[in-house]
Amino acid sequence: MATVSSTTSSLATATFPSSRRFPRYGRRCRVGMAFASAEKGAAAAAAAAGVSVTEGEGKLPKLVLTSAHGSEAEIYLYGGCITSWKVAKDKDLLFVRPDAVFNKKKPISGGAPHCFPQFGPGPMQQHGFARNMDWSIAESQSEDGNPIVTLELKDGPYSRSMWDFSFQALYKIILREKSLSTELIITNTDTKPSSFNTALHTYFRASVTAASVKGLKGCKTLNKDPDPKNPLEGKEERDIVTFPGFVDCIYLNAPSEVILDNGLGDTISIQNTNWSDAVLWNPYLQMEACYRDFVCVENAKIGNVQLEPKQSWVAKQILSVA
């Protein structure tokens, strides 16, 4: 991949040609300024590509992907966070919590946040730092009317204050008619070995009393209810896992596909390659204002990934509806 420019750009609303590399957006980028006017030909090419950048909540830069088939996704550069995925118009399959803030003072609460280089609590802040940093746009293109964008995150003083390693994270997102695919590539760009664990903390819109997950029977479990600090080891015996109350459970060596019935009429296939584990979470009364409206079904890598210098780790996820 070509080197990403370090030029700072302003962000309000713009569209891009069908295959283009973009300038990097620095952490101090002033997003309230307007884009320079694009030429009509470039705008037409961008419409075909289905990739645009606009001003989102809190004036943060937001990518909008629109497929030729009418599906749509939204991604904030802050946190590299996918916050919306619509197959049918006006029906979002992802969920952003009503208490989410878009001011860079905390991660975006909802969508599909990154947990990297740490999942959960540990020596650094909860879920690491990737969801607290600005990602940049590395590349965008379109194939058969399906928009594709690749985001990039690199180490800096903020990340090194918690995890003193050089790295590159590339996050490729592909929107198709009835699916949303992601590929995460973590590369050790340091001169010394590094280790991490990671997850995609995906919030799905749901009716919690009717939602269920199939495919986890037989998995070893680490159940954080009632004591998150001392999870209970067990084995999942149910064919269909539901959310009757507080749920916070890790499933080790999970299968390559689980099926979520969101209780709202949608059946979502959650497929993965190299995400070895899964996590189910619903906070129940800890978030009384919204717990009824979502469930988290997360692809994760709970055990540490060890990378030598120049080595990479790759994991893929495909969310799809029938």
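The values are calculated or read from the model by the stated rules, or taken from the named source; none is laboratory data. All figures in this text were calculated on a predicted structure; none of them were measured in a lab. Note that each Cβ is placed from the backbone with ideal geometry, even for glycine, and that neighbours are counted across all protein chains shown. Accessible surface areas use protein heavy atoms only, side chains included; no ligands, DNA or RNA. Shrake-Rupley method; radii C 1.70, N 1.55, O 1.52, S 1.80 Å.
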Check the stretch 134-145 and report whether any residue there is within 27 Å of V279 (Cα to Cα), in contact (Cβ under 8 Å) with a residue 12 or more places away in the chain and under 18 Å from the mean Cα position of the chain (by Cα).
yes
Output the number of the condition that I268 fails; it satisfies all remaining conditions of (1) open to solvent by 40 Å² or more (accessible area, probe 1.4 Å); (2) within 19 Å of the chain's Cα centre (by Cα); (3) among the hydrophobic types (A, V, I, L, M, F, W, C).
(1)
Return yes when V213 is at pLDDT 95 or above, assigned to a strand (DSSP E or B), closer than 30 Å to G245 by Cα and of a type in the set (A, V, I, L, M, F, W, C) and no when it is not.
yes
When you check S161 against the structure, is it out of contact with any helix residue (DSSP H, G or I) (no Cβ under 8 Å at 6 or more places or on another chain), modelled with pLDDT of 95 or more, buried (at least 17 other Cβ atoms within 10 Å of the Cβ) and small (G, A, S), yes or no?
no
Pairs with Cβ under 6 Å, 6+ apart, first in the stretch 260-277 and under 10 Å from A300 (Cα atoms) and among the hydroxyl-bearing types (S, T, Y), second part of a strand (DSSP E or B) and open to solvent by 30 Å² or more (accessible area, probe 1.4 Å)
S276/K301
Pairing a residue in the stretch 165-193 that is over 25 Å from M124 (Cβ atoms) with any residue that is among the acidic types (D, E) and assigned to a strand (DSSP E or B), where Cβ atoms lie under 6 Å and the two sit 6 or more apart in sequence or on different chains, gives K172/E183
Close pairs from the stretch 210-239: first in contact (Cβ under 8 Å) with a residue 40 or more places away in the chain, partner open to solvent by less than 40 Å² (accessible area, probe 1.4 Å) and among the hydroxyl-bearing types (S, T, Y), Cβ under 8 Å, at least 6 apart:
L216/Y251; C219/Y251
Do we find a residue being in contact (Cβ under 8 Å) with a residue 24 or more places away in the chain, buried (at least 20 other Cβ atoms within 10 Å of the Cβ) and not in a loop (DSSP other than H, G, I, E, B) anywhere in the stretch 99-109?
no
Pick out the one residue from T209, T191, T187 that is open to solvent by 10 Å² or more (accessible area, probe 1.4 Å), in contact with a Pro (Cβ under 6 Å, 6 or more places away or on another chain) and among the polar types (S, T, N, Q).
T191
Considering only residues of the stretch 135-158 that are assigned to a loop (DSSP other than H, G, I, E, B) and modelled with pLDDT under 95, which is surrounded by the most Cβ atoms within 10 Å (Cβ to Cβ)?
G145
